[in-house]
Structure formats: structure tokens, C-alpha cells
1. If residue 238 passes every condition in (1) crowded, with 21+ Cβ neighbours inside 10 Å; (2) within 18 Å of residue 123 (Cβ to Cβ); (3) out of contact with any Pro (no Cβ under 9 Å at 6 or more places or on another chain) but one, which one does it miss?
2. Looking only at the stretch 57-91, how many residues end up being part of a loop (DSSP other than H, G, I, E, B), of a type in the set (A, V, I, L, M) and either at pLDDT below 95 or touching a helix residue (DSSP H, G or I) at 6+ places or on another chain (Cβ under 6 Å) (or both)?
3. Hey, among 223, 247, which residue is of a type in the set (Ser, Thr, Tyr) and farther than 24 Å from residue 197 by Cβ?
4. For residue 124, only one of the following conditions fails: (1) part of a loop (DSSP other than H, G, I, E, B); (2) free of Cβ contacts under 8 Å to residues at least 60 places away in the same chain. What is its number?
5. For the stretch 135-248, please list each of the strands (runs of 3 or more DSSP E) lying entirely inside it that holds at least 2 residues being out of contact with any helix residue (DSSP H, G or I) (no Cβ under 7 Å at 6 or more places or on another chain) and without any contact (Cβ under 8 Å) to a residue 60 or more places away in the chain.
6. Given 195, 165, which one is out of contact with any Pro (no Cβ under 8 Å at 6 or more places or on another chain), over 19 Å from residue 243 (Cβ atoms), of a type in the set (Lys, Arg) and surrounded by fewer than 24 Cβ atoms within 10 Å (Cβ to Cβ)?
7. When the stretch 9-38 is examined, which residues are found to be farther than 19 Å from residue 52 by Cβ, small (Gly, Ala, Ser) and either touching a strand residue (DSSP E or B) at 6+ places or on another chain (Cβ under 7 Å) or open to solvent by 20 Å² or more (accessible area, probe 1.4 Å) (or both)?
8. Quick check, is residue 116 over 24 Å from residue 239 (Cα atoms) and either assigned to a loop (DSSP other than H, G, I, E, B) or within 14 Å of the chain's Cα centre (by Cα) (or both)?
Amino acid sequence: MTDVRALAAHLDGARRDGRAVGMLSASEAGLDVPVAYDVQRAGIELRRKRGERFAGVKMGFTSRAKMVQMGVDDVIWGQLTDRMLVESAADVSGLIHPRVEPEIVFLIGRDVTRAADVDTAVAGIAVGYEILDSRYDGFKFTLPDVIADNASASGFGVGAWHSPRDVANVGMLLEIDGRVVQTGSSAAILGDPVRALRAAARLATDAGIVLRAGDVVLAGAATAAVPLPKDAHVRVTGAGLGSVEVTT
């Protein structure tokens, strides 16, 4: 029988220590997707006991580029906390495999108790980024492994909020030190980021989580993630949505 709390503590320790570990699935035959989400929830609970607060949901594997990059074809989700929010500088020195990707971000304006209500609950839209950091050796994992590891969530940043609008085909640029390293479109996010928003609401409500006013939803990456080096300047730009910047 899988010891969910022990696995969560194992991954939590790896994250806090900046230490890579082997895939859980290599030794845990019972680690299927439902159990992996139990491990994820137990890991978030450890963070909450240390004072972190739920801040929203991140979607994963919503772009074809990311599916190809990671060798999977399932949409997944993870939880965000307030301490994952990055303002203007991100310390990547303690991370294991830091990577960054451009995102479309939704701001929730009122409680979402039914997934069907999420479209009308959006109060703002922004361009953003997510910093990923898998706790597994070589950034390699199975689907249950990455789910247990909170979908590789590490940090996120958000640009200026804009009124709700059509973001089905927003051109996006990811630059590092003034050099364009990725270009893409928000259309890569399930064909329209709103579909990822709806999936986030459905998965959250199924898990008993209420998205509340002030929470955010990271819809997923518009391009493949790229390594995030130390002492770098990163800028993500979305057509009509401005840009967001961070230094490491």
C-alpha cells in the first residue's frame, strides 16, 4: 500500500534542499494518477502548515509543444501558493532544473463553486510566466511522477491585468538577455486558453477546491520551456497584453 504522506515528505524535502531524487514510480508500483494527486495534495498541505496560502491553479501539458517535449499526452494540474509568486527577481540558485515558459494568466473575480460559472468569473487577463523545477533526476518522469511533484511548479510571475478579452490567438515572445528564445501563440494552449481555464475549474471543483476572488489560473505554456540560467533577464511579451520581466 502506497504511503502517500511519506512520498509527499520525500518530494518536499527534495524541493527544500534543492536535491534531485529518483522517480517515485521506479519503486512505487501503486503510484497511479489518483494516488499521485493524493501525494500532490499532501505536499501542498505540508506547505500550508508552514504558512503558505493557496493562490490558484496551474495547468500542465496543454500545448502540443510541451506534450512533445515531455513525451506525454495528458492534461494535468497543480496548485499554486502565495510564496510561489515572483515580483521582480527570482532566486534560482536553490533550484534543481530551473526552466521558464510563457503563460496566459486569468484572474478570478468571484468564487467559482461550479465549473460552468468560471467564464463569467474572470476579472482580468495578463501575460505571465511560470518557473518550473522538477525534483526528479534529469527532469525525467512518468505522468504520475510529475503529478505527485505538483506538476513541477516552482514560481510564477504576472504582468499588468487587462479587462477580459479574446485571447485565443495572442502572439507571444520569450526573451532571455534580449535574445528571442521562443515564439508562439496562445492558440497552442488547447486551441484557446479559455479551454484550459474551464479544465482548471472542473478539476479544482472535482477536488473540492473553490477558486476564490484573487486566485489565478495559469492556463499553460504557449511554447516549450527553456532552461533558466542564473544572472539572466527574462521578458515575456503578449500582443495586446504588454510584457512581464524578471531577473535571476
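The values are calculated or read from the model by the stated rules, or taken from the named source; none is laboratory data. Here the structure is a predicted model, which is why all the values come from computation and not from measurement. Glycine gets a Cβ as well: all are built from the backbone with ideal geometry, and neighbour counts include every protein chain shown. For accessibility, only protein heavy atoms count, side chains too; no ligands or nucleic acids. Shrake-Rupley method; radii C 1.70, N 1.55, O 1.52, S 1.80 Å.
1. For residue 238, the failing item is (3).
2. Let us first name the residues in the stretch 57-91 that are part of a loop (DSSP other than H, G, I, E, B), namely 61-62, 71-75, 86-88, 90-91.
Next, from what is left, pick out any that are of a type in the set (A, V, I, L, M): 72, 75, 86, 90.
Next cut, either at pLDDT below 95 or touching a helix residue (DSSP H, G or I) at 6+ places or on another chain (Cβ under 6 Å) (or both) only: 72, 75.
So the answer is 2.
3. Values: 223 fails: farther than 24 Å from residue 197 by Cβ.
The unique qualifying residue is 247.
4. That leaves (1) as the condition not met.
5. Filter on the stretch 135-248 gives 179-185.
6. On the way: 165 fails: over 19 Å from residue 243 (Cβ atoms).
It is 195.
7. Matches in the stretch 9-38: 20, 22, 25, 26, 27, 29, 30.
8. Numbers: over 24 Å from residue 239 (Cα atoms): yes; either assigned to a loop (DSSP other than H, G, I, E, B) or within 14 Å of the chain's Cα centre (by Cα) (or both): no.
The answer is no for residue 116.
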